[in-house]
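Take a look at this one; I'll ask things after.
FYI, it's all coordinate maths here, none of it is from the lab. This one's a predicted model, so the numbers in the text were calculated from it and none came from an experiment. Cβ atoms come from the backbone with ideal geometry, glycine included; neighbour counts cover every protein chain shown.
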Amino acid sequence: MNIILVGFMGTGKTAVARALARKLKMKYVDLDDVIEADAGRSINKIFAESGEDHFRYLEKEAARKVSSLDQQVVATGGGVVLDKQNMKNLSKNGVVVCLTATAAVIYSRVKDQSHRPLLKVDKPQEAIKRLLDIRQPYYARADFTIDTSEMTAEETVSKIVKMLNYANKRRV
Ligand code: S3P
């Protein structure tokens, strides 16, 4: 069984997935890293040279690839949820946990970073709000949701572990 972390950019997926994998002695995999390794180019370069559609195609391949693994904590890119097949693949052998945060918190976390092409625009705060609005129904399909706005990665990890233990007990 895998644990799949989905959620908007800046909600803490990478830091939480790393810490969660350490805690549960599982492997950690980041879908964006898989995409970059397979393409031999950074996400920024893929967007700039080949466009978003090509990035989504590579993301789909990476999601398919990672879905065949087991005992992994998978950090996904914020847009992975938009594709039905991605979520079908990833949830086949995985529980899907969505991390959320307010638009203001997201902006404060991402504003000094430069590796997100979708936020390299004149008005990133507006882009965040617009994309959050569009994506909200997709994020809402996760098995569990945690608002990380006021939590550290370690606190989020503890909460996920508790939620998963509780869900496992109820299943017995
Ligand atoms: C994207 C999020 C990014 C990365 C790409 C597109 C998105 O990942 O996959 O820039 O569409 O939200 P993070 O959510 O890890 O920043």
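Report ³J(HN,Hα) in whole Hz for each residue of region 23-35, in order, from the Karplus equation J = 6.51 cos²θ - 1.76 cosθ + 1.60 where θ = phi - 60°; Gly and Pro get x.
5, 8, 6, 10, 8, 10, 9, 10, 4, 5, 5, 4, 4
Sticking with this one: Quick one: Cα centre-to-centre distance for region 96-162 and region 58-85, in angstrom?
Cα centroid of region 96-162 versus Cα centroid of region 58-85: 17 Å apart.
What does DSSP give for the chain in terms of the percent of beta bridges that are antiparallel, rounded to the nearest 5?
0
Further, regarding this structure: Set Lys and Arg Cβ to +1 and Asp and Glu Cβ to -1, take the dipole of region 25-65 about its Cα centre, and tell me which of Phe47, Leu31, Leu58 lies farthest positive.
Leu31
Let me ask another. Set Lys and Arg Cβ to +1 and Asp and Glu Cβ to -1, take the dipole of the chain about its Cα centre, and tell me which of Gly94, Thr148, Val80 lies farthest positive.
Towards the positive end, the residue furthest out is Gly94.
While we're looking at this one, here's another question. Taking θ as phi - 60°, what are the ³J(HN,Hα) couplings along region 69-77 by the Karplus curve (6.51, -1.76, 1.60), each to the nearest whole Hz, with x for Gly and Pro?
Along region 69-77, the couplings run 8, 9, 6, 10, 9, 10, 8, 9, x Hz.
Take the cross-link list Lys13/Lys92; Lys23/Lys169; Lys13/Lys45; Lys45/Lys129; Lys111/Lys162 and give me the ones stretching past 28 Å between alpha-carbons.
Listed pairs above 28 Å: Lys111/Lys162.
Compute the distance in nm between two label points, each set 7 Å from the Cα along the Cα-to-Cβ direction, one at Thr152 and one at Val121.
About 3.4 nm separates the two model spin labels.
Something else now. Which value in deg cm²/dmol, rounded to the nearest 500, describes the helix-derived mean residue ellipticity at 222 nm for the chain, given -39,500 (n - 2.57) per DSSP H run of n ≥ 4 and division by the residue count?
Value at 222 nm, helices only: -18500 deg cm²/dmol.
Moving on. Under 17 Å between alpha carbons, and skipping anything fewer than 8 positions from Lys25 in its own chain: which aspartates and glutamates qualify?
Asp70, Glu154
Which of Lys162, Lys65 comes first, and how do the rest follow, when ranked by fewest Cβ neighbours within 10 Å?
Lys162, Lys65
Further question: Using +1 at the C-beta of Lys and Arg and -1 at the C-beta of Asp and Glu, which of Leu119, Val105, Ile134 has the Cα lying farthest in the positive direction of the dipole of region 96-172?
The residue sitting farthest along the positive end of the dipole is Ile134.
Step through the residues of region 50-58 one at a time and calculate ³J(HN,Hα) from phi using the Karplus curve (6.51 cos²θ - 1.76 cosθ + 1.60, θ = phi - 60°), rounding each to whole Hz and writing x for Gly and Pro.
For region 50-58, the Karplus curve yields 10, x, 5, 4, 5, 4, 5, 5, 5 Hz.
Sort Val6, Val81 by Cβ crowding within 10 Å, fewest neighbours at the top.
Ranking Val6, Val81 by Cβ neighbours within 10 Å, fewest first, gives Val81, Val6.
If you take the square roots of the eigenvalues of the alpha-carbon gyration tensor of region 17-63 and sort them as a ≥ b ≥ c, do you get rounded (a/c under 1.5), prolate (a/b over b/c) or oblate?
Judged from the Cα gyration tensor, region 17-63 comes out prolate (a/c at least 1.5, a/b above b/c).
Restricting to DSSP loop positions (anything but H, G, I, E, B) with no more than 14 other Cβ atoms inside 10 Å of their own Cβ, which GluC sites (Glu not before Pro) remain in region 79-172?
Glu150
With +1 on the Cβ of every Lys and Arg and -1 on the Cβ of every Asp and Glu, and nothing else charged, how large is the dipole of the chain about its Cα centre, in debye rounded to the nearest 20?
640
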